[in-house]
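Report on the following structure.
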Amino acid sequence: MKKSIILLACVLGTFSAKAQTVIESTKFTDNWSVGINAGAVTPLTHSAFFKSMRPAFGVGFSKQLTPNFGLGFQGMGYVNTTQSKTAFDASDVSVLGKVNLMNLFGTYLGSPRVFEIEAVAGVGWLRYYASGDGDENSWSTRFGMNFNFNMGESKAWTIGIRPAIVYDMQGDYNRAKSRFNANNAAFEITAGLTYHFATSNGTHYFNKVRAYNQAEIDELNSSINALRGQVDTRDSELNSANQRINGLQQELNDCRTKVVPAETVVKTARIPESIITFRQGKSSVDASQLPNVERVASYMSKHPETKVVIKGYASPEGSAELNARLAAARAEAVKTILVKRYRVAADRVTAEGQGVGDMFTEPDWNRVSICTIEE
């Protein structure tokens, strides 16, 4: 018998090790549940199985120690159906151990399965009631299975079918020295509803977490240290940038308060010239360039004897033919504005396309029309 028990323990230990999973640490107040159950009980032998059945009901509290193992406390009452004046034939108060076979052999998935099987075993105090004096006390053992259906998305409720065999261990021990005797046993089957209280992590069950080995921890620590170094470097760069901003702000304030000496403007007889720039591939005058055109129109309005020559240019992108057309179009665009918007006589304006310009070192700067006033 001892060898069988040791072998069974080794087998369970092996499966438990294979099914071991890492779960989030819990508090003493976590993973408690309360349940009620009701059903029937009948003697296992020497009686009609169904005719001898009497109602049974009970209440229990449980704490799940791990996803595989739990402890429970259960009280059962068996209703009297005979002519005896007692309300109950017997009661049984038990301490139970529970093993979740699905988690033990199939590993814990991180949340309860919809259907699970538990093996249950325990010992208890069995009391028989009789009219008047004569109540008898004994001790009992219980062996059973719980077939559980976990309900809802949060798995807070469990409906279970719970068959069990309950042995009266004192039964005829004084006479036959027999503890586990079927003649002193009853078959009990109940259905129950259990509520699992929410745990400190917000769920109604254990949370599965990833286990890191030392190499992974060292690598993560190295990454954290590297990130901290990057943060320190960025902080240093940010401080340098703030110092530079403060310096620039001071320079700006100095410029605002600086007294600028008045400059004497010497009037010359130089004839004004105006440059209108264009976007790449465009011949329309942008609104930002209109003041340059207006300056030419204003001068010609004050000096009716003057004329203007507008020479359009293009940058070197594209074919020579395209650039020639684009240069002529740019000159004509400026002429059109002078004639139509500022009412300058058309015979006072000459528009000429000059093709690709080379006045400026930067090729892009040559996309212009140059207005030259002629006396």
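The values are calculated or read from the model by the stated rules, or taken from the named source; none is laboratory data. Worth saying up front: this structure is predicted, and the values here are computed from it rather than measured. Every residue, glycine as well, gets a Cβ built from its backbone with ideal geometry; the counts of neighbours run over all protein chains shown.
Consider region 138-178 and keep the residues that are closer than 16 Å to Gly75 by Cα and touching a helix residue (DSSP H, G or I) at 6+ places or on another chain (Cβ under 8 Å). The one that is modelled with the highest pLDDT is Tyr167. Evaluate the following for Arg256: is it out of contact with any Leu (no Cβ under 9 Å at 6 or more places or on another chain), exposed (fewer than 10 other Cβ atoms within 10 Å of the Cβ), part of a loop (DSSP other than H, G, I, E, B) and modelled with pLDDT under 85? So Arg256 fails the test. Scan region 197-212 residue by residue and report those that are surrounded by 12 or more Cβ atoms within 10 Å (Cβ to Cβ) and of a type in the set (A, V, I, L, M). Of everything in region 197-212, those that are surrounded by 12 or more Cβ atoms within 10 Å (Cβ to Cβ) and of a type in the set (A, V, I, L, M) turn out to be Ala198, Val209. Considering region 182-196, the residues that are surrounded by fewer than 17 Cβ atoms within 10 Å (Cβ to Cβ) and in contact with a Gly (Cβ under 9 Å, 6 or more places away or on another chain) include one that is nearest to Glu24 (Cα to Cα), namely Tyr195. Residues that are buried (at least 18 other Cβ atoms within 10 Å of the Cβ) and either of a type in the set (Gly, Ala, Ser) or not assigned by TED's automatic domain parsing to the domain that holds Ala324 (or both) within region 335-354 comprise Ala351, Gly353, listed in sequence order. The residue that is farthest from the chain's Cα centre (by Cα), counting only those in region 306-334 that are surrounded by fewer than 19 Cβ atoms within 10 Å (Cβ to Cβ) and among the hydroxyl-bearing types (Ser, Thr, Tyr), is Thr306.
One line per residue, one yes/no per condition, for (1) in the same structural domain as Phe147 (by TED's automatic domain parsing); (2) in contact with a Ser or Thr (Cβ under 8 Å, 6 or more places away or on another chain); (3) without any contact (Cβ under 8 Å) to a residue 40 or more places away in the chain:
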site	(1), (2), (3)
Met53	yes, yes, yes
Ala56	yes, yes, no
Phe61	yes, yes, yes
Gln64	yes, yes, no
Gln74	yes, yes, no
Thr81	yes, no, yes
Thr86	yes, yes, no
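Across region 90-146, the qualifying residues are those that are within 30 Å of Asn207 (Cβ to Cβ) and of a type in the set (Phe, Trp, Tyr), and the one among them that is farthest from the chain's Cα centre (by Cα) is Phe105.
For region 136-166, residues that are at positive phi and either buried (at least 19 other Cβ atoms within 10 Å of the Cβ) or not small (Gly, Ala, Ser) (or both) total 1. Filtered by the rule that a residue be touching a residue at least 24 places away in the same chain (Cβ under 8 Å) and outside any strand (DSSP E or B), region 205-221 gives Tyr205, Phe206, Asn207, Val209, Arg210, Ala211.
Restricting to region 312-347, name every residue that is hydroxyl-bearing (Ser, Thr, Tyr), within 24 Å of Ser298 (Cα to Cα) and without any contact (Cβ under 8 Å) to a residue 40 or more places away in the chain. Listed by number, the list holds a single entry, Thr336.
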